[in-house]
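The values are calculated or read from the model by the stated rules, or taken from the named source; none is laboratory data. Given the structure is predicted, the values throughout are model-derived calculations rather than measurements. Note: ideal-geometry Cβ built from the backbone for every residue, glycine included; neighbour counts use all protein chains shown. Areas reflect the complete protein model, heavy atoms only, side chains present, ligands, DNA and RNA absent. Shrake-Rupley method; radii C 1.70, N 1.55, O 1.52, S 1.80 Å.
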4 protein chains.
Amino acid sequence: MKDYRVYKIPTDSPEDVSGLKDLLNSKEIKPEEIVAIMNMTEGLGFARGYANLAHSVLLAEELGCTIEEVPRKIPLIMIGGCSGLVAPYSAVFVEREGKEETAKKDEKRFAFGVSVTRDFKPEEQGTSVQIEAVKDATLDAMKKARIADVKDIHCVQVKGPWLTPALIAEAEKRGEKVVTNNLDLAGGYSRGASALGAAVALGEVRSNQAKDALLEDLTVHSSFASASSGTERTNCAVIVMGNSTHSSSKYRIGHGIMKDGADAAGVIEAIKNAGLNTGLDNIESVQQKIDHVFVKSAVDGTGSCRGRRHVLTSDFLAPYSWLLGKAVIHATVTSIVGDPMMQVSGGFEHQGPLGGGLVAVITLAD
Amino acid sequence: MKDYRVYKIPTDSPEDVSGLKDLLNSKEIKPEEIVAIMNMTEGLGFARGYANLAHSVLLAEELGCTIEEVPRKIPLIMIGGCSGLVAPYSAVFVEREGKEETAKKDEKRFAFGVSVTRDFKPEEQGTSVQIEAVKDATLDAMKKARIADVKDIHCVQVKGPWLTPALIAEAEKRGEKVVTNNLDLAGGYSRGASALGAAVALGEVRSNQAKDALLEDLTVHSSFASASSGTERTNCAVIVMGNSTHSSSKYRIGHGIMKDGADAAGVIEAIKNAGLNTGLDNIESVQQKIDHVFVKSAVDGTGSCRGRRHVLTSDFLAPYSWLLGKAVIHATVTSIVGDPMMQVSGGFEHQGPLGGGLVAVITLAD
Amino acid sequence: MKDYRVYKIPTDSPEDVSGLKDLLNSKEIKPEEIVAIMNMTEGLGFARGYANLAHSVLLAEELGCTIEEVPRKIPLIMIGGCSGLVAPYSAVFVEREGKEETAKKDEKRFAFGVSVTRDFKPEEQGTSVQIEAVKDATLDAMKKARIADVKDIHCVQVKGPWLTPALIAEAEKRGEKVVTNNLDLAGGYSRGASALGAAVALGEVRSNQAKDALLEDLTVHSSFASASSGTERTNCAVIVMGNSTHSSSKYRIGHGIMKDGADAAGVIEAIKNAGLNTGLDNIESVQQKIDHVFVKSAVDGTGSCRGRRHVLTSDFLAPYSWLLGKAVIHATVTSIVGDPMMQVSGGFEHQGPLGGGLVAVITLAD
Amino acid sequence: MKDYRVYKIPTDSPEDVSGLKDLLNSKEIKPEEIVAIMNMTEGLGFARGYANLAHSVLLAEELGCTIEEVPRKIPLIMIGGCSGLVAPYSAVFVEREGKEETAKKDEKRFAFGVSVTRDFKPEEQGTSVQIEAVKDATLDAMKKARIADVKDIHCVQVKGPWLTPALIAEAEKRGEKVVTNNLDLAGGYSRGASALGAAVALGEVRSNQAKDALLEDLTVHSSFASASSGTERTNCAVIVMGNSTHSSSKYRIGHGIMKDGADAAGVIEAIKNAGLNTGLDNIESVQQKIDHVFVKSAVDGTGSCRGRRHVLTSDFLAPYSWLLGKAVIHATVTSIVGDPMMQVSGGFEHQGPLGGGLVAVITLAD
């Protein structure tokens, strides 16, 4: 039996690792128990790198390795863009020995598995090669989580690569062509390939269908994947979350689908799916049993909501529509779950229904 | 008996008056019945002016007056900044003769009154002079709405002036000093003075207290006022909304207070206050009885929500925190009321509780 | 003999037409002499529309026509985005009867011609149809300017259409496909087609080459065209500027090419090309003979300048790189020509060398 | 005799220290010779911190100290905001033993001195305490540069502190009041105090005058200081640059004042002041003798340029007017000096003439 928990550690800035340091100092968390970190960080791209480096400096010391080795040992998934009321914090994924007796026999409890693909060549990024590799990593992570049935999977987080001018130049020097020279699009191809890879692993989409749909047909999507991309990576890190009979965790996970950014019913669905018997009217009483939430925003995937035109993607802040979309969906989720501290990721290619998003909720089972 | 109704007319762009034109052509609305227009328009300041001019061109033709005379006859209140899922549209306030028998005896129904202050000199804008004038206009608008008791008031919309470099220069030429040379602050003084004027009229704040608090103590605030400001005005237009025994309207109005941007309970409170017996679980069944919503966002008035730090006012989009705050509160309200088409106004000085906001809801009474 | 002049009229805001009104009132300009207006306006898209409507309202009264008819009679070319030190103003193109004796025999003087294409169907916008139509309009405008030799042309301003969701939907309803559903790209196709149309007319590019190059090979470009696009149009307005023996204007025009955004030599080249004998050291003495300047910015067309990487198109303000590029090239031009009041247009597809831009200068000939 | 040189090391991103590492590995620079680093970095605040941490990690290894100790040993001055064509790079200030015979007797050559103030309490930041401390540090840095006469000083770079919510809270807990709770203003107070401290040291402003003028009268300013501020510091680092008879450097420094953002004459003045005999017409021939440039932008300090209104501080990008102002002044300076790689700092309180800026130029003396 293994015990699984995702700690919430508030941060004051991208480089703030003081909360994690305190938990390591107090032995609440042992460094070797950390299998992944998802950091919901304020700021943009460079803030993600900054958070990455700061965590690496701390963990190098704790693990007795070099700063460069840390991200190879522990996937550091930095989610930039704290928009609206999103609270900056670190989600620290801890796996430790659990007591056999904690969970009732045959009851499924929260578990996760982490897997990392090989490094991709620039010309492989955002292509069917990435789809295949993420498929394999998802299956590997399921195995590590000791979850055999895809029906027990509720959320797959993937952080993948993002082409840079330097990588494109390196490929061209070798006579190879990357998927696109447009850097914005390149991020989309990477996220799309990651999401489709997970979708193939989970049986949502067939392999051939995935390859054909990549950035061609966005309605082909995974209802479980939340993919992001960053120039700090050249491989994909995959975290599979679900429920397992081999877990002694105190928690359970479930998920729901929000049809649009204001769809409270999708959040209720996720909470129920995670085992809490709730309607809207007793929501406050169950809020204390909600431990952690993961949201994917595809709010900026459409130009209207409930038949009403909006200007997310056309008005003067359109370049930041992914951020405004996050603010929207986060407000709706918060209005139900109570705590504004959750992971909210944008960049919706082949994830969630256009205009809406996936919500995964970890709840206290006991 | 008078009949009151606020039409919702979707717009495709700031200058789109085709919907209003259609209703005028079909005689659904007669030009002389229009007493005010609130336009929730995409874009920023110039879009407000653009909407203003386009409406004036149309109404000049309809009313048989010059373009310049229109805003003097019909207050045109342009609310810029459609953020998140906010749907651009015009709210057209129509007052017409009502049938005596429509409303039950002694039952109070939706009514509004509109009043406009005199033009202010630049040095009067955003000062106690404006507080006093808005107080008087609010009382005058109450009288026009034939509402005697302040307890029947649920929303006061005020659009006031905003200093421009030209106005400041004009005042200085006469040896007069304006309230501030900082144009950003000037908008705040104007909104604050408007809100405090309404607060004094409604007995929320004493006159002296208002003068002392102006931009000094933001906790002194009105729970009914929603004030905005624009360089297109040099006076204040006031719309008072409430319930009156002299109204034969099919509608009722109520209001609630949202403690923060994700406070769904405040929206429920407003719906109940407007006479609909609802909890969260039957919300969908009552949504069709919700006719119109007015929201004030003070979401960007604090740096945290429910004890969690957020970065609305510190991260790289902080200059647009008022817009992001609107996206947040609008999502929460929409998740309850259903229709994303509503008025959402930012600029929260002396309005709403810091971090939250006022919600006024017009519901079908029958 | 015709006399030609482009007036500079400072504006205080997009809708400010008071300066033009004064010149009309004083009879300095007669309404029927105005053949085109280029307005360098602050704000973005809606500000352009606002300026358009305000000018139309004024000119409808002056010309005794309806507001809708004005842009059909007088091309109104609104250039949005006053960045850096760019001064907002209107350039009013006036053509009037000139005295025979004003210009020396055989000396060529400043002249312009204006031509407008037919309205395009949505599916024709940004395609070879637009290339052909702009080619024809350019040749027609040359004829109107009575300039026979393309060597006498120094600047071609084209304002073309920009697809909207409504136009795309209309085409799709008829089973037609527009050049792209991506609205950003659509603007680029329109500007590119306009520029290539002018290039074909001026003999810079062959017709077939133009069609193949459209948004495929940006190095194929016009050294004379400055194209912009706007949703307010469904046709192209073309202003051809050059020197003609049939002009009695006091002015001459010339042009130069800036290799990058800081290339002062390109500005000097333009001034010399316009007939002023200048080097950098006596620049101040000739500044008073410089009447008007038109600049196209392709500064954001590259990621480096003089071998040094810059972050115009990669940093957090990258969505506004076209605006920042304008600020850059405008500063360099202003440092030479003296007056910050000039037309500066972004959106560089098939215009100017990537990273640099075209500068056309009108100088006092006498 | 000491030898002084400021290396230009291009960077690919905030955390890129590979160029510096190469120079350290090749022994071109020895770690103990580095006395300060100014990093012109892309991105905003967090990018500055990121660059800081990355440099500290590298230098900790090189100097054999902890990461935390590095900024105490070597002032790391991170200038965020690469706008327009500004090239990201590190300026590494190196002081090493020089050969006696390098410089001609009595000839003054480039020298610099670095000094750091004590840490300030929050309530001391941006006050007369900071003015005094910077005055003392400036005099100390002059001594270290072995420059006795203020006439030999041409540039004073100061990086000071910036209040944070945490620091303000800490002060309030002790019953102390900080200079302002407005974080934007706090940066201005810090920069202003730094600039005035340098001004007092250099005899430009009297001590009492400085205290009274702080953010009250911005016309009181230093013509030599370039001050910036950052939350990463709680003290001030001062770099004084000038010419000294005790230097064997190959370089000389001079400065000029740009009256506005397009004032090329101010740049020429600086080049001449640094000993190069140039006019504009032979500028290209002297460009190869220009080694390094430091610019302060106060371009956003006014609303007009040469009598023409601009919209830097009023249009929709006004929150970034400091960045756009940098793009403007940098273009003008680059058009003269040739290389876009230079330090350009915004935040102009009590520095440079409003609307213009200081330019310091290091030239090759031989």
query = Any chance the stretch C:257-269 includes a residue that's within 8 Å of chain D (Cβ to nearest Cβ), surrounded by fewer than 24 Cβ atoms within 10 Å (Cβ to Cβ) and of a type in the set (D, E, K, R)?
reply = no
ask   = If you take the residues in the stretch B:287-308 that are in a strand (DSSP E or B) and open to solvent by 10 Å² or more (accessible area, probe 1.4 Å), which one is nearest to the other protein chains (Cβ to nearest Cβ)?
value = B:308
message = Checking the conditions here, which among C:301, C:357, C:307, C:352 is in contact with a helix residue (DSSP H, G or I) (Cβ under 7 Å, 6 or more places away or on another chain) and among the small types (Gly, Ala, Ser)?
response = C:357
query = For the stretch B:45-79, how many residues are open to solvent by less than 10 Å² (accessible area, probe 1.4 Å) and assigned to a loop (DSSP other than H, G, I, E, B)?
reply = 2
message = Can you tell me which condition residue C:274 does not meet? The list is (1) more than 7 Å from every other protein chain (Cβ to nearest Cβ); (2) buried (at least 21 other Cβ atoms within 10 Å of the Cβ); (3) touching a Leu at 6+ places or on another chain (Cβ under 8 Å), and all the others hold.
response = (3)
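I'm trying to understand the selection: among the residues of the stretch A:224-240, which are of a type in the set (A, V, I, L, M, F, W, C) and either assigned to a strand (DSSP E or B) or surrounded by fewer than 24 Cβ atoms within 10 Å (Cβ to Cβ) (or both)? Break it down stepwise before answering.
Applying the first criterion (of a type in the set (A, V, I, L, M, F, W, C)) to the stretch A:224-240 yields A:224-225, A:227, A:236-240.
Of everything in the stretch A:224-240, those that are of a type in the set (A, V, I, L, M, F, W, C) and either assigned to a strand (DSSP E or B) or surrounded by fewer than 24 Cβ atoms within 10 Å (Cβ to Cβ) (or both) turn out to be A:225, A:227, A:237, A:238, A:239, A:240.
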inquiry  = Filter the stretch B:311-339 down to the residues that are farther than 24 Å from residue B:228 by Cβ and either within 11 Å of chain D (Cβ to nearest Cβ) or in contact with a Ser or Thr (Cβ under 9 Å, 6 or more places away or on another chain) (or both) and list them by number.
reply    = B:311, B:314, B:315, B:316, B:335
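Considering the stretch C:112-128 alone, what residues qualify as being touching a residue at least 40 places away in the same chain (Cβ under 8 Å), of a type outside the set (Lys, Arg) and within 23 Å of residue C:215 (Cα to Cα)?
Narrowing the stretch C:112-128 to residues touching a residue at least 40 places away in the same chain (Cβ under 8 Å): C:112-123, C:125-128.
Imposing the further condition that a residue be of a type outside the set (Lys, Arg) reduces the set to C:112-117, C:119-120, C:122-123, C:125-128.
Selection gives C:117, C:119, C:120, C:122, C:123, C:125, C:126, C:127, C:128.
Any chance the stretch C:276-290 includes a residue that's among the charged types (D, E, K, R) and under 19 Å from the mean Cα position of the chain (by Cα)?
Initially, the stretch C:276-290 is screened for residues among the charged types (D, E, K, R), giving C:281, C:284, C:289.
Checking the rest, the ones that are also under 19 Å from the mean Cα position of the chain (by Cα) come to none.
No, because not a single residue in the stretch C:276-290 is among the charged types (D, E, K, R) and under 19 Å from the mean Cα position of the chain (by Cα).
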ask   = What pairs can you find where one residue is in the stretch C:295-314 and closer than 16 Å to residue D:10 by Cα, the other is part of a helix (DSSP H, G or I) and open to solvent by 60 Å² or more (accessible area, probe 1.4 Å), and their Cβ atoms are less than 9 Å apart, with a gap of 6+ or different chains?
value = C:303/A:165; C:309/A:165
note = The helices (runs of 4 or more DSSP H) lying entirely within the stretch C:114-223 that contain at least 2 residues which are touching a Phe, Trp or Tyr at 6+ places or on another chain (Cβ under 9 Å) are C:128-144, C:183-201
task = Select from the stretch A:74-102 the residues that are farther than 21 Å from residue A:22 by Cα and out of contact with any Gly (no Cβ under 9 Å at 6 or more places or on another chain) and list them in ascending order.
result = A:86, A:97, A:98, A:99, A:100, A:101, A:102
query = In this structure, is residue B:243 among the polar types (S, T, N, Q), part of a strand (DSSP E or B), in contact with a Lys or Arg (Cβ under 7 Å, 6 or more places away or on another chain) and modelled with pLDDT of 95 or more?
reply = yes
note = Per the filter on the stretch C:14-28, residues surrounded by 21 or more Cβ atoms within 10 Å (Cβ to Cβ) and in contact with a Phe, Trp or Tyr (Cβ under 8 Å, 6 or more places away or on another chain) are C:14, C:15
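Among the residues of the stretch B:3-13 satisfying the criterion of being open to solvent by less than 60 Å² (accessible area, probe 1.4 Å) and modelled with pLDDT of 95 or more, which is farthest from the other protein chains (Cβ to nearest Cβ)?
Ranking the candidates gives B:3 first.
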note = So, first residue closer than 19 Å to residue D:293 by Cα and of a type in the set (Val, Ile, Thr) in the stretch D:62-86, second residue part of a helix (DSSP H, G or I) and open to solvent by less than 20 Å² (accessible area, probe 1.4 Å), Cβ within less than 7 Å, six or more apart or across chains; the pairs are D:86/D:326; D:86/D:330
remark   = Within the stretch C:80-97, of all residues that are outside any loop (DSSP other than H, G, I, E, B) and either of a type in the set (Phe, Trp, Tyr) or over 19 Å from residue C:229 (Cβ atoms) (or both), the one most open to solvent (accessible area, probe 1.4 Å) is C:97
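So which of D:333, D:344, D:328, D:311 ends up being part of a strand (DSSP E or B) and open to solvent by less than 10 Å² (accessible area, probe 1.4 Å)?
Every option except D:344 fails the conditions.
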message = With the requirement that a residue be more than 22 Å from the chain's Cα centre (by Cα), within 14 Å of chain C (Cβ to nearest Cβ) and open to solvent by 40 Å² or more (accessible area, probe 1.4 Å), what does the stretch B:168-194 give you?
response = B:169, B:170
request  = Take the residues in the stretch D:14-44 that are part of a strand (DSSP E or B) and away from chain A (no Cβ under 11 Å), then tell me which one is nearest to residue D:326 (Cα to Cα).
outcome  = D:40
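Residues are listed down the side, and each one gets a yes or a no for (1) at positive phi; (2) modelled with pLDDT of 95 or more:
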residue: D:20; (1), (2): no, yes
residue: D:28; (1), (2): no, yes
residue: D:32; (1), (2): no, yes
residue: D:37; (1), (2): no, yes
residue: D:40; (1), (2): no, yes
residue: D:43; (1), (2): yes, no
residue: D:51; (1), (2): no, yes
residue: D:62; (1), (2): no, yes
residue: D:83; (1), (2): no, no
request  = Find all pairs meeting these conditions: Cβ atoms under 6 angstrom apart; at least six residues apart or on different chains; first residue within the stretch D:5-19 and closer than 17 Å to residue D:34 by Cβ; second residue not in a strand (DSSP E or B).
outcome  = D:8/D:341; D:9/D:19; D:9/D:20; D:11/D:88; D:17/D:54; D:17/D:55; D:17/D:58
query = What number of residues in the stretch C:106-153 are open to solvent by less than 50 Å² (accessible area, probe 1.4 Å) and of a type in the set (D, E, K, R)?
reply = 6
